[in-house]
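FYI, it's all coordinate maths here, none of it is from the lab. Note that this is a predicted model, so its numbers are computed, not measured. Here the Cβ is made from the backbone with ideal geometry for all residues, glycine too, and neighbour counts use every protein chain on show.
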DNA sequence: TTAATAGTGTCTATGAGACATTATCGG
DNA sequence: CCGATAATGTCTCATAGACACTATTAA
């Protein structure tokens, strides 16, 4: 119990080497998965990749969240690993990226004890269409999940991501990260409504957004077959805004 | 890139074995750390353990968060691992326990690429005194940290835990988990004030707590040299309550 | 002119902040 | 009685919700 408790004991050793001095015990597999959201076709969508079917590959041909093993040579840290996986599948390099949580157990991967560090990312629809990987595909959300059966415990992770997103959208400006460069207030409101799956009051919404130090009008209007709308963009230092109240009291 | 991407490839294999069919690459170390909070001596305190100083032990004799390697035989999942570590140090078996996040990088542990899954726990002062491990010790929080220098990146993890706790206390009933079985409303308010490090309005506080479905009065009063106070206890199904507003608008 | 959507204003309800007032104990 | 703390009440203010109303474009 000595060395192994408290991260103690043992001679330093890299990798999984069977060094004799204290680190010689089985290590779990370490992966990172990313739940990537966007708004497409007036719906909240999530990116999934189809798994291969070689050798002992678990969940062959099933859909899964983009992700995979941490590469101790390529990845300086977990965030970098998540960004790498996001970029590989979408080409997007600076998304809104947030840690979601971790899932680890003896049985979630048939190959052995494994733990995944899950992230969730928000990217604008435009970026979502550009450089998509061949094995990647967008799926609209149905409730808290998606129609295809997912590999591993990814359905559970996806559900947690959707709940976290919906919850935070009640009192933050997160949906702003789903918008293109330029957008109107009604378009931003529509994004909120899609994510929350319920209509919002127009005037309360506008008051909240305009009094937050979040967006600024640009010298341009969105033209259409009706009254033109003021275009806005995110202010430069666009860290998410937290509001002091939720949109309406949970029943 | 085939097998290793997307958690793919390879014959199932337990532990860190050098199996030839796809899982033969270095694995990060996997640990779990727990930030354990309580209220002691009218202050928010955190439990730290002193590290050993054997062999190649990193950060000898430094203080650190309770934690250590995941044991793929003992621990069914990450939560169980966190509970085990909490119980080993405090004897507490059913605390409020929440995942905080994970920290992983090539350099946080001199022994190699490592990732820790951090949790935070809230326990009542009473439980905090009972079965404390010999190497464990309570430290009052000073700002976002603690006076001794901590091992690894534990100062950063502790800071994140304090921020998360303070933040959530603004709109949740989390401090209820720091209270003994029976408590009065002014005592609960005092706990909020200690965690937030600022005074709260009595009447607003009472209205909020009493209208939440959180506590119930018992047939007993707290006597003292002044007007007795109604005693309350947590309602049985005591999942944390989320309020629709924060206590007062952040400036 | 009309249809459609953008944007503003008005009224109400809720709950927090500030603070005064009353209640109930020991001494 | 007094000091102390518990508990309640009153007033104001901010903001969400509901919804009416005005504004500006294309056709």
Among A:177-185, B:226-234, the order from most to least packed when residues are scored by Cβ within 10 Å on average: A:177-185, B:226-234
Calculated FRET value between residue A:87 and residue A:43, using beta carbons and R₀ = 30 Å, to 0.05: 0.80
Distance cut-off 37 Å, percentage of C-alpha pairs in the protein assembly as shown lying past it: 36 percent
Acute angle (nearest 10 degrees) that the helix A:185-196 long axis makes with the longest principal axis of chain A, alpha-carbon atoms: 40 degrees
Estimated inter-spin distance, residue B:76 and residue A:25, nm [label 7 Å along Cα→Cβ]: 2.0 nm
Rounded to 10°, Cα long-axis angle of helix A:78-90 versus longest principal axis of chain A: 60 degrees
For chain B, built as a Gaussian network whose Cα springs stay under 10 Å, the top-fluctuating residue of B:111, B:190, B:166: B:111
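Of all beta bridges DSSP finds with both residues in the stretch A:26-162, what is the antiparallel percent, to the nearest 5? Write down the numbers at each step before the final one.
Numbers: 24 of 34 bridges.
Here the antiparallel bridges make up roughly 70 percent for the stretch A:26-162.
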Inter-copy spacing of residue B:91 label points, which lie 7 Å from Cα along Cα→Cβ, given in nm from shortest upward: 6.2
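Give me the compactness ratio for chain A, meaning the Cα radius of gyration over 2.2 N^0.38 Å. Mind dumping the intermediate values first?
Numbers: Rg = 21.3 Å, N = 251, 2.2 N^0.38 = 18.0 Å.
So the Cα radius of gyration is 1.19 times the expected 2.2 N^0.38 Å.
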Degrees separating the helix A:202-211 axis from the principal Cα axis of chain A, which is the longest one: 70 degrees
Mean separation of Cα contacts under 8 Å (6+ apart) over length of chain B, as relative contact order %: 17 percent
Simple spin-label estimate for residue B:229 and residue B:206 in nanometres, 7 Å along Cα-Cβ: 1.2 nm
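Between rounded, prolate and oblate, where does the stretch B:27-168 land on the alpha carbon gyration tensor, with a ≥ b ≥ c its root eigenvalues, rounded for a/c under 1.5, else prolate if a/b exceeds b/c?
Values: a/c = 1.43, a/b = 1.30, b/c = 1.10.
The shape class here is rounded.
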Residue B:187-residue B:147 FRET efficiency (beta carbon distance; Förster radius 25 Å; 0.05 resolution): 0.35
Shielding score for B:79-90, defined as the mean number of other chain Cβ atoms within 10 Å: 1
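Based on DSSP H runs of at least 4 residues, each adding -39500 (n - 2.57), what is the mean residue ellipticity at 222 nm of chain B after dividing by all its residues, to the nearest 500 deg cm²/dmol?
Values: 5 runs with 57 residues, N = 251.
That comes out to -7000 deg cm²/dmol.
Using a/c under 1.5 as the rounded threshold, could you call the stretch A:27-98 rounded, prolate or oblate? The axes a ≥ b ≥ c are square roots of the C-alpha gyration tensor eigenvalues, and prolate needs a/b larger than b/c, oblate otherwise. Display every interim value, and only then the final one.
On the way: a/c = 2.40, a/b = 1.17, b/c = 2.05.
Oblate is the answer for the stretch A:27-98, as a/c is 1.5 or above yet b/c matches or exceeds a/b.
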Other protein chain Cβ atoms within 10 Å, averaged over every residue that makes up B:30-39: 2
Choice from A:25, A:69, A:37 with maximal GNM fluctuation in chain A (Cα, 10 Å cutoff): A:25
Label point 7 Å beyond Cα of residue A:135 along Cβ direction - residues of the stretch A:45-74 with amide nitrogen under 15 Å: A:48-70
For A:103, B:138, order by how many other beta-carbon atoms lie within 10 Å, fewest first: B:138, A:103
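Looking at chain A, send over the antiparallel percent of its DSSP beta bridges, to the nearest 5. Walk me through the numbers before you get to the answer.
Numbers: 32 of 42 bridges.
Here the antiparallel bridges make up roughly 75 percent for chain A.
Just tell me how shielded A:96-107 is by partners: mean number of partner chain Cβ atoms within 10 Å of each residue's Cβ, no decimals. Spell out each step's value before the answer.
On the way: counts 0, 0, 1, 5, 2, 7, 11, 5, 13, 7, 8, 2.
Counting Cβ atoms of other protein chains within 10 Å of each residue's Cβ and averaging gives 5.
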